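Peer 1: I'd like to ask you about the structure that follows.
Coordinate-derived values only; no laboratory data. Everything quoted here is computed from the prediction, not taken from an experiment. Note that each Cβ is placed from the backbone with ideal geometry, even for glycine, and that neighbours are counted across all protein chains shown.
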Amino acid sequence: MAEETTDKSRRHVSHEEVHQAITTGIVFRGGGSGPSPQSGKVKTKAKKKGYITGAHGSGAAKKKADIRTKRANRHK
């Protein structure tokens, strides 16, 4: 038995609409905003210079800073 589908979410489109969508693309309006105006600002503590160099007192950060300097000086 063939079932009759009454799917109203499908829309029949013309060949011109399909061609336009392929050539120019589809624009979804109301999406998320682009990068914030403060995009140059450091957002996480891990990227701040004091944390990268291990200056804030954490043993793990000092060890990571030591590893970074060794890696940077490896091929000099």
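Peer 1: Going Cα to Cα from LYS48, which lysines come in below 25 Å? Please leave out same-chain ones fewer than 8 positions away.
Peer 2: Within the straight-line limit of under 25 Å, LYS48 reaches these lysines: LYS62, LYS63, LYS64, LYS70.
Peer 1: Next up: For ARG74 and THR53, compute 0.36 nm times the residue count separating them, minus their Cα-Cα distance, and round to one decimal in nm. Don't skip to the end; give the middle numbers.
Peer 2: Working: separation 21, 0.36 × 21 = 7.56 nm, distance 1.76 nm.
Here the answer is 5.8 nm.
Peer 1: Starting with the highest mean, order 58-66, 12-20 by the number of other Cβ atoms within 10 Å, averaged over the residues of each peptide.
Peer 2: Values: 58-66: 12.7, 12-20: 9.1.
Order by mean packing, descending: 58-66, 12-20.
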